[in-house]
Amino acid sequence: MSVSISAKRAVSLLAVLLLLGGCGYNRLQQQDEQVKAAWSEVLNQYQRRADLVPNLVATVKGFAAQEQKVLIGVTEARAKATSIQVTPQTFNDPQTFNRYQAAQGELTQALSRLMVVVEKYPELKSDQNFRDLQAQLEGTENRITVARNRYIDAVREYNVTVRSFPTNLTAKWFNMGEKPNFSVASEAQIATPPKVDFSAAPAAAPAAAAPATPAH
């Protein structure tokens, strides 16, 4: 009797495994892991960039201490980008994902403005320490682009599987929804270099108001 029950259980288990394999469960799991790995690499490269910022700011400050507005902007953008708590589930939460993306975009723009300011200081551009930091930053930006593209591709493949029949039924059953992706529209805006015109004369300070004539 026990042998018969065990055999039935084995057959039932085999049927479940075949059903899961045939309805795309294994493919969903594989693609989900690919998304996780791609997201981890994006985070690694963003962290690498954040680690470069303090030394970069300190080096620029040594040659251009008067550029306080730009230096503070970079520092604040870095603080904002690193203050968002990122967990393995962040890429499943569109709201947190978008906030993180926006913060990284602000840091990208702040660093771009800093590089524009650097053009005013030839002695800074020729400094070996700055050139090393600049080379590391450029290399990291390239790595970020590659990592983001891999994540975009992994998410696109996963989301197509989630929406396709019959795997959409499996995804719904196991609560595996679509994942947020990087926005192409905002990325185009982030990639646009800021326009800064240092030849323009600073705005004149408003004239002080004349003292009122006392009434007689």
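The values are calculated or read from the model by the stated rules, or taken from the named source; none is laboratory data. Just so it is clear, the model here is predicted, and its values are computed rather than measured. Positions of Cβ are backbone-derived with ideal geometry, glycine not excepted, and every protein chain shown enters the neighbour counts.
Going by what's in this entry, would Leu133 be described as among the hydrophobic types (A, V, I, L, M, F, W, C), closer than 18 Å to Gly73 by Cβ, modelled with pLDDT of 95 or more and more than 18 Å from the chain's Cα centre (by Cα)? Against the criterion (among the hydrophobic types (A, V, I, L, M, F, W, C), closer than 18 Å to Gly73 by Cβ, modelled with pLDDT of 95 or more and more than 18 Å from the chain's Cα centre (by Cα)), Leu133 qualifies.
Just to check your reading of the model, which residue among Val86, Val70 is within 26 Å of Pro122 (Cα to Cα) and either more than 13 Å from the chain's Cα centre (by Cα) or not in a helix (DSSP H, G or I) (or both)? Steps first, answer last, please.
Details: Val86 fails: within 26 Å of Pro122 (Cα to Cα).
The unique qualifying residue is Val70.
Scan segment 147-177 residue by residue and report those that are polar (S, T, N, Q) and more than 16 Å from Gln29 (Cα to Cα).
Taking segment 147-177 and keeping what is polar (S, T, N, Q), we get 149, 159, 161, 164, 167-168, 170, 175.
If the condition is that a residue be polar (S, T, N, Q) and more than 16 Å from Gln29 (Cα to Cα), then Asn149 is the only one that fits.
Residues checked against (1) surrounded by fewer than 19 Cβ atoms within 10 Å (Cβ to Cβ); (2) of a type in the set (Ser, Thr, Tyr); (3) within 20 Å of the chain's Cα centre (by Cα):
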| residue | (1), (2), (3) |
| --- | --- |
| Ser126 | yes, yes, no |
| Tyr151 | no, yes, yes |
| Val155 | no, no, yes |
| Ser164 | yes, yes, no |
| Ala171 | no, no, no |
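Sub-6 Å Cβ pairs linking a first residue in segment 72-88 that is charged (D, E, K, R) to a second residue that is surrounded by 12 or more Cβ atoms within 10 Å (Cβ to Cβ) and in a helix (DSSP H, G or I), at least 6 apart or interchain, are Arg78/Ala50; Arg78/Val53; Arg78/Leu107; Lys80/Ala103, ordered by first then second residue.
Val116: part of a loop (DSSP other than H, G, I, E, B) and surrounded by fewer than 19 Cβ atoms within 10 Å (Cβ to Cβ), yes or no?
Values: part of a loop (DSSP other than H, G, I, E, B): no; surrounded by fewer than 19 Cβ atoms within 10 Å (Cβ to Cβ): yes.
No: the conditions fail for Val116.
Quick check on Asn175: is it over 26 Å from Arg48 (Cβ atoms), outside any helix (DSSP H, G or I) and at pLDDT below 95? In short, yes.
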